[in-house]
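To start, the structure under review is shown below, and the notes come after it.
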Amino acid sequence: PTAVTYQGTSNVTSWLAAPAAIALHEELGWERVRAHGIRLAEQGGQIVADALGTKPIPGDPAPMRLVPFECEERFAAMAAIREAHPVELAITEYAGDHFVRVSAHLYNTREDYVALARACAAYVTHN
């Protein structure tokens, strides 16, 4: 399989960090962590949607939202945004439409979504 050709495949960091991550989730409470992620994803999705003048796709039980995004080719758009702005993003495609995937976890902040919103809006404005 092609996965064995990627250097990250042999990286054991996640295995070493897993016990501490599980302990933190247990300490904070799994449902509390999940609820926080869902709320943050909703807020982040709305921030990005507002910047793009659109609406996020209605909720999902996961801490993730999809926001409609206008672009010709998603991989080129992701590369251009990443090069111009200090953000990491995923743009997905379904039935010919593109969406920014907004996801949330404990390490994300509102400011992360503001930065993502600015980056996406700048791309749309200039392309």
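The values are calculated or read from the model by the stated rules, or taken from the named source; none is laboratory data. Only a predicted model underlies this, so the values are computations on that prediction, with no experimental measurement involved. Positions of Cβ are generated from backbone atoms using ideal geometry, with glycine treated the same way; all protein chains shown enter the neighbour counts.
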Checking Thr9, Thr54 in turn, the sole residue that is modelled with pLDDT of 95 or more and hydroxyl-bearing (Ser, Thr, Tyr) turns out to be Thr54
Worksheet item: Any residue in the stretch 57-64 that is at pLDDT 95 or above and charged (D, E, K, R)?
Response: no
| query | Does Gly45 qualify as being of a type outside the set (A, V, I, L, M, F, W, C), touching an Asp or Glu at 6+ places or on another chain (Cβ under 9 Å) and closer than 30 Å to Ala21 by Cβ? | reply | no
How many residues of the stretch 100-122 are touching a Phe, Trp or Tyr at 6+ places or on another chain (Cβ under 9 Å) and either assigned to a loop (DSSP other than H, G, I, E, B) or farther than 15 Å from Thr54 by Cα (or both)? The answer is 1
